[in-house]
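The values are calculated or read from the model by the stated rules, or taken from the named source; none is laboratory data. A quick note: this is a predicted structure, and the numbers were derived from the prediction, not measured. What goes into the accessible areas is simple: the full protein's heavy atoms, side chains included, and nothing from ligands, DNA or RNA. Shrake-Rupley method; radii C 1.70, N 1.55, O 1.52, S 1.80 Å.
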Amino acid sequence: MIPVAPGGIGEGRRAVLAALAFGVAAGIIYLLFSSGFGRPRPAAVAAAVPVRTPPEAGLAVVSHDFWLTYLPAGLTRSGGGAIGAAGAWARFGSGDRFVEARIEPVPDWASYRGQVADARATIVRGRPAVAGRHPGGGLAIVWLERAGTGAWVRVSESLGRELVAIAASARGPVGD
């Protein structure tokens, strides 16, 4: 038997109390994490980030790994094709209204974002982007879809209000 100092508790009792304290702390932590404490409720998220899905939404495939889930009504594919080894573009139009989308390899973000005049920094789908005027006419948003891959959406002046919705609808197999 291990001698115990007068008025103190033995090592065995200390070990039992430590294990009990550990168990209580672990239980409290488990209950907090499993209860959803601190997580935003789905209704609060929906109210904070309004999602606009117009009834005329359509699917527009740009390439095998990049597509738009929203395209304004009345636009049909009027061009497109491959760009180099890993890029593609597509044009959708009707009269003077058009939407162009492009996905392509980019060496660096600084030179890629220079394609837009009067550029303003923004974010598209959580990625760095710039929005402004396209040198060929119309408005454009340019962003990094993933490391080494850039994307842009260009619209005619008449579809300027739809630019953000179209760019936000872009999807790809990585991260979506």
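In table form, for the structure just shown:
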read-out	value
Residue-span extension gain [ALA26 to ASP118] - 0.36 nm each, minus C-alpha spacing	27.6 nm
Added length on full extension, which subtracts the Cα-Cα distance from 0.36 nm per residue, ALA73 to ARG171	33.4 nm
Per-residue SASA entry for GLU104, accessible area with 1.4 Å probe, Å² rounded to 10	30
Accessible surface, 1.4 Å probe, highest first, among residues THR76, THR69	THR76, THR69
In Å², nearest 10: area of ASP118 left accessible to a 1.4 Å probe	120
